[in-house]
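Since every read-out is calculated from the coordinates, none of them should be taken as a lab result. Just so it is clear, the model here is predicted, and its values are computed rather than measured. Quick reminder, even Gly has a Cβ in these numbers, built from the backbone with ideal geometry, and neighbours come from all protein chains shown.
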Amino acid sequence: MDLSAINPILFIAGFLIAATPLIFAAIGELVVEKSGTLNLGVEGMMIIGAICGFATAVETGSPLLGFAAAAVGGALLSLLFAFLTQITLANQVASGLALTLFGLGLSALLGQTYVGIKPPRMADINFGPLAEIPVIGPILFTHDIILYLGLILVAATWAVLKFTRAGLILRAVGESHDAAHALGYKVVRIRTLAIMFGGACAGIGGAYISLIRVPQWTEGMTAGIGWIALALVVFASWKPWRLLLGAYLFGGITQLQLNLQGAGVAIPVEYLAMSPYVITIVVLVILSRDKSAAPASLGRTFHASN
Amino acid sequence: MGGRRVIRLEKRPEASRAFSLATPVLAVLATMVFGGLLFTALGKDPFVAIRTIFWDPLFGEFSFFYRPQLLIKGAPLVLIAIGLSLGFKAGIWNIGAEGQYIMGALFGAGMGLAFYPMEGWFIFPLMVLAGAFGGWIWAMIPAVLRVRFGTNEILVSLMLVYVAEQFLASMSLGLLKNPEGFGFPGSRNLQQYESAFNADLIEGSGMHWGVVAAMIAVIFAYVLLSKHRLGFAIRVTGEAPRAAKFSGVNPTRLVLFCLGMSGILAGLAGMFEVSGPAGQITIDFNVGYGFTAIIVAFLGRLHPIGILLAGLLMALTYIGGDIAQSNLGLPAAAIQVFQGMLLFFLLALDMFTHYRLRFGRGEVA
């Protein structure tokens, strides 16, 4: 074993990248859950985003167009969930599972001809002299635009939820859909928009895996990150900044176990690979005692005649 | 608003029995139509594709070969789905059956291989017990965590699927690896170890012990739900949680029972599969029955008889999908999409079971 093979600067830069798909998927789901809907289809929307983004980037040669396509793909898939849960009033748990199963199948179908291809590389933002600063430069200023966009998205979500009227309405719908409805807010419309936002975010997160983190297309490549994102929302008690912290924690663990695998630690590869999932469970257990932060209407079906 | 003609949903005072029965049939038909469109988009003749999937395995030229497959593929789906349906009815969501299936297979095969090369009648029954235990213990993790700490069982049971998959990889490359396997990953083939082999009870019928277990599970679930107090507790908890509380249902016991039972059945399914049709533990011997069983449970309306029929239908799409893959070049993923679509239509059409469409002048709701 050779721990000195792990370069701390590359490690930190690496875990910022590993955390980005989680940040996108989880912040989207946070907004969805704040509106009172539980969408368990994050994994499905991510993998659809991964293939839509990958295919578009390969065909057009533009990773940015790829990310746009991923957002559209994720949002379109989430519309199916919105239709099921908001229009036909189906069970949210079952509908979310359906979305994941369907998304995994559809992505495998769409991705058949893209296995083994290298996508076009996304350029890093040129920060000029900032990137030359020792230690801080390579960690903070050598990334692509999407990574910074993720951070901005967290800040924006926090600000919108906390300071704006739109955020207040969204939270009202999530806390008590009956009261919000009585006040004249369009519960179904607001929730549908939130669900689409969640889908677009999950799609971008998925594309970040296939276009930047890996970068390659393989079937089922999201490997449970969508589910970890769901756990992350609980971990964060539905608070954007805590969510960012949690994403870095999980990004760090993922990156660490990959680095340890590379360094040839005496622990078998399989046990290192299962560690992010085990740690997710441990964290869920520690934090699940306090459920007071959950939106009160989370997971409940809304029907105007009730 | 007053003058606009609108369609409104009106909640039925009671769930419609007719629609409850018709929904799965309508969903299958809708899936065939949209699946046909999908196959057309893939450049295949939709009528040929649908016939290849649904007709040929049962009545085609080689049906003598495919019919036994129906039992082989249907048994694990039915076994797992029966277990899942108990929890789903009560709002207890075990979606990690795939992990419990893997652990059942590992424990069962491990028990058998521990005795190799000894022969004895008691080996197979011990493997059955070990398989059930493997699935049970894996399901007890989310169950105990939910009961003790209130942890969400959906996320925990799902995370454990990924843990189980890694565990499976570790076992097939390590402890359970065939020492005479020329270095290839994977265990000894249990089909060549008589005492551990889950053979067809009637040669060539596809009828192995897993099929028997699935039938027993269907009868057991039917009796439990219609006659037993515990079945009543499950139903009332799902339909009216508050009423359940007042009628003295113990939620802790219910969670432990439902998750434990579904774990046992999933573990058994894994054990019967690995000791019979699959034969050996390999890195990817699991093919997703644990997830497909979720569709089977819903398609069967969480009712034991319904699940039996839905399991056979889903087995048919697997077999037909394989045939379509080799004869028509239909991609394997197309069948996965097809199965996912089925669940969508089912959930959407289910609206008519609980609601009625009203056409008329809109009023301010």
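Across region B:42-59, computed HN-Hα scalar couplings (Karplus, 6.51 cos²θ - 1.76 cosθ + 1.60, θ = phi - 60°) run 7, x, 10, 6, x, 5, 5, 5, 5, 5, 4, 7, 9, 9, 4, x, 8, 10 Hz from first to last residue, x flagging Gly and Pro.
Using packing as a proxy for protection, rank B:153-164, B:268-279, B:206-217, A:133-144 so that the peptide with the highest average count of other Cβ atoms within 10 Å comes first.
Details: B:153-164: 25.5, B:268-279: 27.8, B:206-217: 20.3, A:133-144: 15.3.
The most tightly packed comes first, giving B:268-279, B:153-164, B:206-217, A:133-144.
Here region B:179-267 is treated with +1 on each Lys and Arg Cβ and -1 on each Asp and Glu Cβ, and its dipole about the Cα centre works out to around 840 debye.
Please order B:SER170, B:SER247, A:SER35, B:SER187 by the number of other Cβ within 10 Å, starting at the fewest.
Values: B:SER170 19, B:SER247 12, A:SER35 29, B:SER187 26.
Least to most surrounded, the residues fall as B:SER247, B:SER170, B:SER187, A:SER35.
Determine the dipole magnitude for chain B: charges of +1 sit on the beta-carbon of Lys and Arg, -1 on that of Asp and Glu, nothing else is charged, the reference point is the Cα centre, and the result goes in debye to the nearest 20. Could the numbers behind the result be given before it?
On the way: 25 positive and 19 negative charges, 422 e Å.
Charge dipole of chain B: 2020 debye, to the nearest 20.
Per residue of A:102-110, other chain Cβ atoms within 10 Å of the residue Cβ number 6 on average.
Across peptide A:263-270, how many C-beta atoms of other chains are within 10 Å of each residue C-beta, on average?
3
Listed by Cβ neighbour count within 10 Å, with the fewest neighbours leading, B:PHE344, A:PHE54, A:PHE127 appear as A:PHE127, B:PHE344, A:PHE54. The amide H of B:LYS11, built 1.01 Å from its N in the peptide plane, has B:ARG356 as neighbours under 5 Å, considering only residues 5 or more places off or on other chains. Between the listed residues A:VAL214, B:LEU155, B:GLY181, the Cα displaced farthest toward the positive end of the dipole of the protein assembly as shown, a dipole computed from Cβ unit charges relative to the Cα centre, is found at B:LEU155.
Could you list the GluC sites (Glu not before Pro) in region A:5-95 that lie in coil according to DSSP, counting only those with at most 11 other Cβ atoms within 10 Å of their Cβ? Before the final figure, lay out each step's value.
Numbers: sites: A:GLU29, A:GLU33, A:GLU43, A:GLU59; in loops: none.
Counting only loop positions with at most 11 other Cβ atoms within 10 Å, none of the GluC sites (Glu not before Pro) in region A:5-95 qualifies.
Restricting to DSSP loop positions (anything but H, G, I, E, B) with no more than 16 other Cβ atoms inside 10 Å of their own Cβ, which GluC sites (Glu not before Pro) remain in region B:4-69? Please report the intermediate quantities before stating the final value.
Details: sites: B:GLU10, B:GLU14, B:GLU61; in loops: B:GLU14, B:GLU61.
Passing both the DSSP loop test and the Cβ count: B:GLU14, B:GLU61.
Each of A:SER107, A:ILE27, A:LEU168 was placed along the dipole of region A:3-287 (beta-carbon charges, centred on the mean Cα), and the one lying farthest toward the positive end is A:LEU168.
Are there any chymotrypsin sites (Phe, Trp or Tyr not before Pro) in region B:58-117 that are in a DSSP loop and have at most 13 other Cβ atoms within 10 Å? List them by number. Let's see the in-between values first.
Working: sites: B:PHE59, B:PHE62, B:PHE64, B:PHE65, B:TYR66, B:PHE88, B:TRP93, B:TYR101, B:PHE107, B:PHE115; in loops: B:PHE62, B:TRP93.
Sites meeting the loop and neighbour criteria: B:PHE62.
Between the Cα long axis of helix B:17-41 and the first principal axis of chain B there is an angle of about 70°, rounded to the nearest 10.
3J(HN,Hα) along region A:69-76: 5, 4, 5, 5, x, x, 5, 5 Hz, from the Karplus curve 6.51 cos²θ - 1.76 cosθ + 1.60 with θ = phi - 60°, whole Hz, x for Gly and Pro.
So what is the relative contact order of region A:3-287, in percent, for Cα pairs below 8 Å that sit 6 or more residues apart? Working shown, then result.
On the way: 506 pairs, mean separation 105.9, N = 285.
It comes to 37 percent, rounded to a whole number.
Against the longest alpha carbon principal axis of chain B, how many degrees, from 0 to 90 and to the nearest 10, is the axis of helix B:229-239 turned? Once rounded, one gets 50 degrees.
Compared with the dominant principal axis of the Cα atoms in chain B, helix B:63-89 is inclined by about 60°.
Among the residues of A:83-89, the average count of other protein chain beta-carbon atoms within 10 Å of the residue beta-carbon is 4. Close amide H pairs (under 5 Å, H built 1.01 Å from N) link B:ILE281 with B:SER187, residues at least 5 positions away or on another chain. Can you bin region B:43-330 into rounded, prolate or oblate? Criterion: square roots of the alpha carbon gyration tensor eigenvalues sorted a ≥ b ≥ c, rounded for a/c under 1.5, prolate for a/b above b/c, oblate for the rest. Cα axes put region B:43-330 in the oblate bin.
Suppose a student asked you for the relative contact order of chain B, using Cα pairs under 8 Å spaced at least 6 residues apart; what percent would you report?
Numbers: 645 pairs, mean separation 135.4, N = 365.
So the answer I get is 37 percent.
If you place +1 on the Cβ of every Lys and Arg and -1 on the Cβ of every Asp and Glu, how big does the dipole about the Cα centre of the protein assembly as shown come out, in debye to the nearest 20? Don't skip to the answer; put the middle values down first.
Working: 40 positive and 32 negative charges, 593 e Å.
It works out to roughly 2840 debye.
For chain B, the residue among B:LEU342, B:LEU313, B:PHE352 whose Cα projects farthest onto the positive side of the dipole built from Cβ charges is B:PHE352.
Computed per residue of chain A from DSSP H runs no shorter than four, each worth -39500 (n - 2.57), the mean residue ellipticity at 222 nm is -22000 deg cm²/dmol. Rounded to whole numbers, the Karplus 3J(HN,Hα) couplings from phi for region B:103-119 are 5, x, 5, 5, 5, x, 5, x, 4, x, 5, 5, 8, 4, x, 5, 10 Hz, using 6.51 cos²θ - 1.76 cosθ + 1.60 with θ = phi - 60°, and x at Gly and Pro. Every helix of 4 or more DSSP H residues in chain B counts as -39500 (n - 2.57), and over all residues that averages to -23000 deg cm²/dmol at 222 nm. Taking every C-alpha pair closer than 8 Å and separated by at least 6 residues, the mean separation divided by the residue count of region B:13-110 gives a relative contact order of 10 percent.
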